[in-house]
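Contents: one structure, followed by commentary.
The values are calculated or read from the model by the stated rules, or taken from the named source; none is laboratory data. As the structure is a computational prediction, the values presented were derived from the model and not from experiment. Don't worry about glycine lacking a Cβ; one is built from the backbone with ideal geometry, like all the others, and counts go over all protein chains shown. Only protein heavy atoms, including side chains, enter the accessible area calculation; ligands, DNA and RNA are left aside. Shrake-Rupley method; radii C 1.70, N 1.55, O 1.52, S 1.80 Å.
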Amino acid sequence: MFSTRDLLQPETFEQAYETLISRRSNTVLGGCAFLRLGRKKMGTAIDLSKLGLNFIREADHRVEIGAMTTLRDIETSPLLASSFSGLLPRAVRNIVGVQFRNGATVGGSVFSRSGFSDLLTALLVLDCEVTLFHGGTMPLAEFACGAYEKDILTKISLGLDARAAAYQSFRNTTSDFSVLNVAVSCLGGRWLVAVGARPQRARVAVNASEFLSQEGGAETNASAAALLAGAELSFGTNMRATAEFRRALCQVLVKRAVTEVKQCS
Amino acid sequence: MLINAVVNGKKVSWEVAKDEMLADTLRNHGLLSVRTGCDTGNCGICTVWVEGKPVLSCSTLSFRVDGKSVTTLEGVSKEAAKFAEILTAEGAEQCGFCSPGLIMNVLALARELKTCGDEEINHYLAGNLCRCTGYMGQLRAVKKYLGVDGR
Amino acid sequence: MRSVGKAAKKIDGMALATGKPSYTEDMVPANALVVKILRSPHAFAKIRSVDTSRAERVEGVECILTYRDVPRVRFTLAGQSYPEPSPYDRLILDPVVRYVGDEVAVVAARDDKAAAEALRKIRVEYEIYPPILDFEQAQNGGAIHPEENLSCNFPIGLQAEKNVASSQTIEAGDFSGELAACAAVVEETYYTQAQAHAMMETYRAFSYLDSQGRLVVVTSTQIPFHVRRQLARALQLPAGKIRVIKPRIGGGFGGKQTGAVEVFAALVTLKTGKPARIVYDRRETFSCTTSRHAMRLKVRMGADTEGYIRALEIVTLSDTGAYGEHAPTVLGCVGEYTLPLYNKTRALRFSGRAVYTNKTPAGALRGYGATQGTFAVESTLNKLAEKMNLDPTEMRLKNIIKEGETYLTGKGVPLGSSSLGRCIEKGKELIGWQEKFPRREAASNKVRGVGMAVAMQGSGIANIDTASAELRLNDDGNITLLLGSTDMGTGSDTILAQMAAEVLRISPEKIIVHAADTDVSPYDPGSYASSTTYVTGNAVLRAAEDLKQKIIARGAAFLEIDPEEAEYDGETVKEAAGKDPATAALEGSGEKGITLAKIAEQSVLGIGRHQLTGQATFGGEVSPPPFVAGFAEVEVDKETGKVELVDYVAVVDCGTVINPNLARIQAEGGIAQGIGMALYEDVKYSEKGKMQTDTFMQYKIPGREDVGRVRIAFEESYEPTGPFGAKSIGEVVINTPPPAIAQAVYNAVGVRVTDLPITAEKVFMGMREIVHK
Ligand SMILES: Cc1cc2nc3c(=O)[nH]c(=O)nc-3n(C[C@H](O)[C@H](O)[C@H](O)COP(=O)(O)OP(=O)(O)OC[C@H]3O[C@@H](n4cnc5c(N)ncnc54)[C@H](O)[C@@H]3O)c2cc1C
Ligand code: FES
Ligand code: FES
């Protein structure tokens, strides 16, 4: 468990941000599911609850999701269920349990950019932007490979397009971390394939995505794209699986996801 | 710091530490149905409701329930007893350590789920681990309680 | 029967299910000191120096204890009857630490924060030794227990200099000769993992001094009397000065058959005179208590042309970790609970060694060696059946021991009861063996396979463990049943009450169960070794019979008739009707009787002057085996190796089923734990010897979406020595899933996984190898 000397519940982002950068040990609290695993000694814990960041709203052909929105909110949102073939609710549904997802937040999940993240992989195949209070708005892909810099993630925003998408994850037990996860989407012939839990951070498989965009998602192409993804990405070994198995899984899951997208688009 | 909350229908003002978790606060105030079984958020034994939603009290900072309602098993004892009667008639409680968390989530499920097939029930309750029963008896009891035959 | 065989609710069921304060932590006095432990970061080291001065200055710290503050007498934490077979190889705190997590210092403080801060401020210097982590290399490394005062109560084959905690050999017949004569022979090597109990209530205890200055320890334990004896030795205190109380237990599975936290709380209370409490977190529970013994098992099995198994050999290497709790007995049970199964053998050989390593100690876990042995022997039998082109169910039916038969190493004692043959037949029918064996294509990339295994266990430890029970007729006509056994959720308090009620012909509600408190309870070794229904049950049966006779005698005395002429129906004692109605009518006696309530009341008053009690002690001369036939149907994803358990059928022979609901849930829970061992529960250590799977985040017990469908059926037999014909059920149910599932996977995709758990990756790699061949 972490401990903290002070607690701040700021009413403005400026105040939150200034406090955050004023001392190294000052920390933003998300749902704390992850933070509590560590033993961090915080100077000031910064709670964003009073900044109105719990929302999923539609604006200007985009969906905005506030940083304090929970994973369960994503799962049960009718808007998200009917967008992108229900990609996001499907991506988060196996994360531990309902009670857990009622606590863990979008901000904490996206900001920490964990390798195993289901949400990150899914978001990578959407038109997703991340808004940081200090760093401004940027595409998720850029944020995802960036370094950790102290900032406050205020929201993410998704282009509400007619994209078809599919999500596949392989887990040793149903509510365990992914051994590997894959998201695939297709919009007007543009394909995107992302692979996470390699176990490194999720990445877009550029070659596979390009190939599909040029050749289409027919069955033989699905297999070829799967091979490309397996070849272009790096995989590692951890407690849950070896690199070799992950590479093999990548090929299977990409193929399955592409086939699924093809069927629903 | 002082928090004001409605716990099991009663207004309370409690002094809590800034980094105190709700599970500890509730236990310290005599709500002993609230127990913990892990340090990582995996077991669901500590499940209580905040604003009617099931959450892990082991991972919820106490100050965050300021101005909110909190419900533990003690606060829904009538409904809990109804389910517990079915559970015990099924012989599906063993050591009982996981029961309070399970019941809180079953009652939440009953309110929230629209379709209650075996899969939906098992998925909703996936965050409630039990090492004794093997889950089958719990499933039978939940189905009886909901008045569904599952599939 | 009125009570036995009924699906009575558990007597504590509602209280437990509705979260009423019932467990150890619910009773801790508010002023108890918080006890925490500083643990070794090294797998093997000697403490050069400990500096506690800075820690002692932390406000709220009460005391900090190191190896200098404890008696230098070695003991074992294994919960076994005296003289324990486990080596005395522990000190409360030892200057040598033998695994990552071994105890270095004990801190007691006013609250958690102060205790945690003190832990951070203790400075320890270590002399680090190279650890032995690979149990297959343990016999070649330096001694983990070189200490001179290590001892055993009797020879267990200990060779400390070679890191052998125990070794044993059992042999009958000419193994090599018989094997050579066999028409078909198979051999295989298996590995089973150090499964964790993962009970939901972690280890916890608190202690205080009572008004007589005696040490009271309240603990979540399966073995109150053994804990008392351990504490007496470890703390060098007369046992009479110690009282151990067990509240409700939040799961045990054998974990709480080994002492864990008690001694630390007790030590603090003795040093400070103050109440102290200790609660292990999940990490400590995983990595600093005990687990199942990981094993390597080499099996050779041969059969003649007709499919009769004639020769069987098991060679076992068992990893007992840093300390030897249960090392010799778990090892012994590998053979003890597998060799009797197939009694057409002409030669048997069992040999085994348990070795020390610098890892988390092993101990007792449901199945206790039988689980490991069953995986190896049953898998080998499945392989042999395939080689001989025999249906594995038929091969078993041919070879299993039957009622009244003996087996080679069984000293000529005939088997009292078995319905294993019927269990196999019933299981085949339920799973649909004829249609499904061995495999069916399920979808384009999915295939289904079925597999099966059988297993046995014991019911208590013959000629060693004895249990006592007492019944007391209270002034209000209710009856108190005093027990020393420990219901850990199994419902044993309830079924023992059912048994007593049956004998006494009263409703179970009239029985008040009390368990367990060493000051009050009659001696019982505790609930382990599948003993409670059988051993304690037999004691209860006899104690109840004793009380019933006394009730009849006392009733007759009040009625002034001969006890022989008295009749008892659970409510009244009356003159036996019907011997001669004419005489009865003449005498005008008619309904001459006295109620049980009246007898109770009169017995404690002036006229009776003698409260009625029933007492009995029972120790079995045999340990009748329960049996299970387990059948698994799996669906394997041919592209990923993912195994989905579709259906599991277990047909159980536990003798008479005393309470069908509680027996079913025992079986379902045991099967699920076996499924966890078969498919999911993996134990990993870092290179330096730190257990990495020490949380539920990393050690995955099955959740409810992982167990599939489990179906239980009973095929009752009647065990002549059992209470109402009953045998045990608690342990045997965990044994079949690993071999049955392994065979189902093999039948589905041709991959034989011999090291547990059967992960998707292993299956996948196996399939890939087949393709490349
Ligand atoms: C047992 C367990 C199992 C899990 N399994 C999965 C899984 O299977 N799949 C999966 O995808 N995830 C999984 N997770 C991760 C989980 O879903 C969350 O992503 C994670 O807990 C972080 O969310 P949180 O809201 O709890 O963040 P916190 O723990 O509160 O914070 C995490 C980090 O993000 C920072 N932070 C939080 N919010 C913000 C913000 N708005 N701006 C800037 N920084 C912020 C914090 O300072 C901290 O460094 C698991 C976590 C646990 C503990
Ligand atoms: S205690 Fe395990 S999830 Fe809260
Ligand atoms: S009943 Fe013991 S953990 Fe569920």
Review point. Projected onto the charge dipole of chain C (+1 at Lys/Arg Cβ, -1 at Asp/Glu Cβ, origin at the Cα centre), which of C:Ala116, C:Phe206, C:Ser318 gives the Cα projection farthest towards the positive end?
Key: C:Ala116
Point to revise | Mean separation of Cα contacts under 8 Å (6+ apart) over length of segment B:2-74, as relative contact order % | key: 41 percent
Check your understanding: Which whole-Hz ³J(HN,Hα) couplings does segment A:155-171 yield from phi under the Karplus relation 6.51 cos²θ - 1.76 cosθ + 1.60, θ = phi - 60°, glycine and proline marked x?
Key -> 6, 10, 9, 10, x, 7, 9, 8, 4, 8, 8, 9, 10, 9, 9, 10, 10
**Study point:** Cβ-Cβ FRET estimate between C:Glu136 and A:Thr242, R0 fixed at 35 Å, reported to 0.05
**Key:** 0.95
Check your understanding: For the protein assembly as shown, with only Lys/Arg (+1) and Asp/Glu (-1) charged at the beta-carbon, what is the dipole magnitude about the Cα centre, in debye rounded to 20?
Key -> 2160 debye
Study note, to complete from the structure: Kirkwood calc, segment C:369-523, C-alpha pairs only, radius in angstrom 20.0 Å
Exercise for review: Take the alpha carbon atoms of segment C:604-654, find their center, do the same for segment C:711-762, and report the distance between the two centers in whole angstrom.
Suggested key: 13 Å
Review point. For labels at A:Ser112 and B:Ala81 in the simple 7 Å Cα→Cβ model, what's the distance in nm?
Key: 4.1 nm
Study note, to complete from the structure: Of the DSSP H helices in chain C, the ones reaching 20 Å or more along their long axis in Cα terms and averaging at least -1.0 in Kyte-Doolittle hydropathy are C:370-387, C:537-559, C:660-675
Review point. What's the FRET efficiency of B:Ala89 with C:Glu188 using the Cβ-Cβ distance as r and R₀ = 35 Å, to the nearest 0.05?
Key: 0.15
Exercise for review: May I ask for the net charge around C:Ser527, where only other residues with Cβ less than 14 Å from the Cβ of C:Ser527 are counted and Lys, Arg are +1 while Asp, Glu are -1?
Suggested key: -1
Review point. Tell me, what are the semi-axes, in whole angstrom and largest first, of the equivalent ellipsoid of chain B as set by the roots of 5 times the Cα gyration tensor eigenvalues?
Key: 28, 15, 13
Revision key, fill the gap. For the protein assembly as shown the translational diffusion coefficient, Stokes-Einstein from a Kirkwood Rh over Cα pairs at 4 °C and viscosity 1.567 mPa s, in µm²/s, is roughly 41 µm²/s
Exercise for review: Starting from the Cα of C:Lys428, draw a straight line to each of the aspartates and glutamates and keep only those under 12 Å, dropping any in the same chain fewer than 8 residues away.
Suggested key: C:Asp391, C:Glu394, C:Glu633
Check your understanding: Residues of C:194-202, mean number of Cβ from any other protein chain within 10 Å of their own Cβ, rounded to a whole number?
Key -> 5
Check your understanding: Per residue Cα convex hull volume for segment C:177-283, in cubic angstrom?
Key -> 166 Å³
Review point. C:Gln615 label point, 7 Å along Cα→Cβ, cut-off 19 Å on backbone N: hits in segment C:503-520?
Key: C:514-520
Review point. Once the Cα atoms of helix B:99-112 and of chain B are each reduced to a long axis, what angle between those two axes, in degrees from 0 to 90 to the nearest 10, is obtained?
Key: 80 degrees
Exercise for review: Rounded, prolate or oblate: pick one for chain A, where a ≥ b ≥ c are the square roots of the eigenvalues of its C-alpha gyration tensor, a/c under 1.5 means rounded, and failing that, prolate if a/b is larger than b/c, else oblate.
Suggested key: prolate
Point to revise | Reachable aspartates and glutamates, given that their alpha-carbon falls under 19 Å from the alpha-carbon of C:Lys246 and they are not under 8 places away in the same chain | key: C:Asp12, C:Glu25, C:Asp26, C:Glu201, C:Asp210, C:Glu262, C:Glu470, C:Asp487, C:Asp493, C:Asp517, C:Asp519, C:Asp524
**Study point:** Percent antiparallel among DSSP beta bridges (both partners in the protein assembly as shown, rounded to 5)
**Key:** 80 percent
Check your understanding: What is the mean number of Cβ atoms from other protein chains located within 10 Å of the Cβ atom of each residue in peptide A:32-40, rounded to a whole number?
Key -> 4
Point to revise | Helical contribution to [θ] at 222 nm, DSSP H n ≥ 4, -39,500 (n - 2.57), averaged over chain A, rounded to 500 | key: -10000 deg cm²/dmol
Review point. What Kirkwood hydrodynamic radius do you get for segment B:2-74 when you take the inverse of the mean 1/r over all pairs of distinct Cα atoms, in Å?
Key: 11.9 Å
Practice item. Taking H placed 1.01 Å from N in the peptide plane, check which residues at least 5 places from C:Ser151 or on another chain put their amide H under 5 Å from its amide H. Key: C:Tyr88
Practice item. Please work out the FRET efficiency for the pair B:Ala110 and A:Glu219, using the Cβ-Cβ distance as r and a Förster radius of 35 Å; give the result to the nearest 0.05. Key: 0.20
Practice item. Would you mind estimating how fast segment C:466-619 diffuses translationally, via Stokes-Einstein at 20 °C and 1.002 mPa s with the Kirkwood radius over Cα pairs, in µm²/s? Key: 133 µm²/s
Exercise for review: Kindly provide the Kirkwood hydrodynamic radius of chain C in Å, to one decimal, from all pairs of distinct alpha carbon atoms.
Suggested key: 27.6 Å
Practice item. Calculate the mean, over all residues of peptide C:659-672, of how many other protein chain Cβ atoms lie within 10 angstrom of the residue's Cβ. Key: 5
Study note, to complete from the structure: With the dipole of chain C defined by +1 on each Lys or Arg Cβ and -1 on each Asp or Glu Cβ, the option from C:Ser379, C:Val636, C:Gln80 whose Cα lies farthest towards the positive pole is C:Val636
Revision key, fill the gap. Length gained if C:Glu644 through C:Met388 is fully extended, taking 0.36 nm per residue and subtracting the Cα-Cα distance, is 89.3 nm
Point to revise | Ordering of C:342-355, C:104-117 by burial proxy (mean other Cβ atoms within 10 Å per residue, highest first) | key: C:342-355, C:104-117
Practice item. Would you mind putting C:273-280, C:393-400 in packing order, based on average other-beta-carbon counts within 10 Å, highest first? Key: C:273-280, C:393-400
Check your understanding: Between their Cα atoms, which of C:Lys162/C:Lys700; B:Lys78/C:Lys727; C:Lys121/C:Lys688; C:Lys550/C:Lys592; C:Lys9/C:Lys36 are more than 27 Å away from each other?
Key -> C:Lys162/C:Lys700; B:Lys78/C:Lys727; C:Lys9/C:Lys36
**Study point:** Hits among aspartates and glutamates - C-alpha to C-alpha of A:Lys262 under 18 Å, sequence gap 8 or more where chains match
**Key:** A:Asp161, A:Glu210, A:Glu215, A:Glu219
Check your understanding: Under a point spin-label approximation (7 Å from Cα along Cα-to-Cβ), what is the A:Arg62-C:Glu571 distance to one decimal in nm?
Key -> 8.1 nm
**Study point:** Cα long-axis angle, helix A:13-22 against chain A (0 to 90 degrees, to the nearest 10)
**Key:** 80 degrees
**Study point:** Accessible area buried, both sides summed, chains B and C with 1.4 Å probe, Å²
**Key:** 4000 Å²
Exercise for review: Could you point to the residue in C:Val622, C:Ile11, C:Cys288 farthest towards the positive end of chain C's charge dipole, with +1 and -1 charges on the Cβ of Lys/Arg and Asp/Glu respectively?
Suggested key: C:Cys288
Revision key, fill the gap. Expressed in nanometres to one decimal, the distance between label points 7 Å along Cα→Cβ at C:Glu509 and C:Tyr523 is 3.8 nm
Point to revise | Spatial separation of Cα centroids for segment C:537-569 and segment C:403-471, in angstrom | key: 40 Å
Revision key, fill the gap. Taking only the alpha-carbon positions of segment C:354-431 as identical scatterers, the Debye log10 I(q)/I(0) at q = 0.11, 0.15, 0.23, 0.28 Å⁻¹ comes out as -0.45, -0.77, -1.23, -1.30
**Study point:** Given charges at beta-carbon only (K, R positive; D, E negative), |dipole| of chain B in Debye
**Key:** 260 debye
Check your understanding: Taking all protein chains as present, what is the carbon and sulfur share of the accessible area of the protein assembly as shown, in % to the nearest whole number, probe 1.4 Å?
Key -> 50 percent
Check your understanding: What is the helix-to-structure angle for A:206-215, meaning the angle in degrees between its Cα long axis and the longest Cα principal axis of chain A, kept from 0 to 90 and rounded to the nearest 10?
Key -> 40 degrees
**Study point:** chain C: calculated mean residue ellipticity at 222 nm from DSSP helix runs of at least 4, using -39500 (n - 2.57)
**Key:** -8000 deg cm²/dmol
Point to revise | segment A:58-185, dipole about Cα centre (Lys/Arg Cβ +1, Asp/Glu Cβ -1), debye to the nearest 20 | key: 400 debye
Check your understanding: Among A:208-216, C:561-569, C:367-375, how do they line up from the highest to the lowest mean number of other beta-carbon atoms within 10 Å?
Key -> C:367-375, A:208-216, C:561-569
**Study point:** Taking chain A and dividing mean pair separation by its residue count, relative contact order in percent (alpha carbons under 8 Å, at least six apart)
**Key:** 15 percent
